[in-house]
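The values are calculated or read from the model by the stated rules, or taken from the named source; none is laboratory data. From a predicted model like this one, the values you see are computed outputs, not experimental measurements. Methodologically, a virtual Cβ is constructed for each residue, glycine included, from the backbone with ideal geometry; neighbour enumeration extends over all protein chains shown. Each accessible area value is taken on the protein alone, full model and side chains, heavy atoms only, with ligands, DNA and RNA left out. Shrake-Rupley method; radii C 1.70, N 1.55, O 1.52, S 1.80 Å.
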Amino acid sequence: MTKEVMELKNIVENSDNIVFFGGAGVSTESGIPDFRSENGIYKAVSEYGYNPETILSHSFFVKNKEVFFKYYKNNLLYPEAKPNNAHYGLAKLEKEGKLKAVITQNIDNLHQKAGSKNILELHGTLYRNYCVKCKKEFDLEYVMKDKDSVTLCDKCGGVVRPDIVLYEESLNQQVLMKSVDYISNAEVLIVGGTSLSVYPASGLVDYFCGKKLILINKSVTQYDKKADIVINENIGEVFARICGF
């Protein structure tokens, strides 16, 4: 166990006001690729003719539904993915009364599968879907019945879209304000699996005024110099050590 991980373990053991803020790197260890990675961009452009940010934008969804749905159903949905030690570790800390909230940029439901309860999903979730016309809600199973076509509502025939925040759309203000509240009142903020480069989510770190800021990410971030501890290791392995898995 490295010195930094030992320090983090000690901090976690002595705090009951921890907040976790995570990104795509939390889920890559569960086999869910980051669509913003170099490979993800290459795959999208070579197969669909557009980069992921373009395909997953509101305007593209409106004008090019066939491509949008084909890309989203074949590249974002991983229903067989299982939580890793980071997800289980966070659920364990919440159960012990140490962790107050999980704030996530991910849309894959893995925190819920691991047992976490208080989860703030900044970018929504693929596990909720709704008709843009009549607002009827649908689960993922309904959407996955046909992986190659636009999903339509069985009530009114409208388009059923995932309840995620597309590029060009605003974050849910209630979720955002709750996230700000938890971070600004936290004693310890653990940021993991995110390069902190996607705004406005990345700006949440600026609201932290507690005692210890910990960054766990395999690459350098713009906030490294502000952190009390920086750990450039796999986040699942780090949580396995601090939680005794």
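Only one of 142, 88 is open to solvent by 20 Å² or more (accessible area, probe 1.4 Å), free of Cβ contacts under 8 Å to residues at least 24 places away in the same chain and not basic (Lys, Arg). Can you tell me which?
142
Condition test on residue 47, is it in a helix (DSSP H, G or I), touching a residue at least 60 places away in the same chain (Cβ under 8 Å) and open to solvent by 20 Å² or more (accessible area, probe 1.4 Å)?
no
For residues that are hydrophobic (A, V, I, L, M, F, W, C) and in a helix (DSSP H, G or I), scanning just the range 1-23, find the one that is most open to solvent (accessible area, probe 1.4 Å).
6
Show the residue pairs that are 6+ apart or on different chains and have beta-carbon atoms under 9 Å apart, the first residue being within the range 9-26 and among the basic types (Lys, Arg), the second being modelled with pLDDT of 95 or more and open to solvent by 40 Å² or more (accessible area, probe 1.4 Å).
Partner pairs satisfying both residue conditions: 9/241.
For residue 104, only one of the following conditions fails: (1) of a type in the set (S, T, N, Q); (2) at pLDDT 95 or above; (3) over 30 Å from residue 208 (Cβ atoms); (4) surrounded by 15 or more Cβ atoms within 10 Å (Cβ to Cβ). What is its number?
Among (1) of a type in the set (S, T, N, Q); (2) at pLDDT 95 or above; (3) over 30 Å from residue 208 (Cβ atoms); (4) surrounded by 15 or more Cβ atoms within 10 Å (Cβ to Cβ), the lone unmet condition for residue 104 is (3).
Taking strands (runs of 3 or more DSSP E) that do not extend beyond the range 94-194, which have at least 2 residues that are basic (Lys, Arg) and within 21 Å of the chain's Cα centre (by Cα)?
Qualifying strands (runs of 3 or more DSSP E): none found.
Name the residues in the range 199-217 that are under 16 Å from the mean Cα position of the chain (by Cα) and either surrounded by fewer than 16 Cβ atoms within 10 Å (Cβ to Cβ) or assigned to a helix (DSSP H, G or I) (or both), would you?
199, 200, 201, 202, 203, 204, 205
Do the conditions hold for residue 95, that is, is it surrounded by fewer than 22 Cβ atoms within 10 Å (Cβ to Cβ) and touching a helix residue (DSSP H, G or I) at 6+ places or on another chain (Cβ under 8 Å)?
no
Does residue 129 meet the test of being under 30 Å from residue 187 (Cα atoms) and without any contact (Cβ under 8 Å) to a residue 60 or more places away in the chain?
no
What are the residue pairs meeting all of these: first residue in the range 50-62, first residue farther than 19 Å from residue 160 by Cβ and at pLDDT below 95, second residue surrounded by fewer than 21 Cβ atoms within 10 Å (Cβ to Cβ) and of a type in the set (S, T, N, Q), Cβ atoms under 9 Å, and 6 or more apart or on different chains?
Pairs found: 50/64; 52/75.
From the list 76, 110, pick out the single residue that is modelled with pLDDT of 95 or more, surrounded by 15 or more Cβ atoms within 10 Å (Cβ to Cβ) and among the aliphatic types (A, V, I, L, M).
The unique qualifying residue is 110.
Could you please find all residues in the range 220-236 being more than 19 Å from residue 19 (Cα to Cα) and open to solvent by 60 Å² or more (accessible area, probe 1.4 Å)?
220, 222, 225, 232
From (1) exposed (fewer than 14 other Cβ atoms within 10 Å of the Cβ); (2) within 21 Å of the chain's Cα centre (by Cα), pick out the condition that doesn't hold for residue 42.
It fails just one condition, (2).
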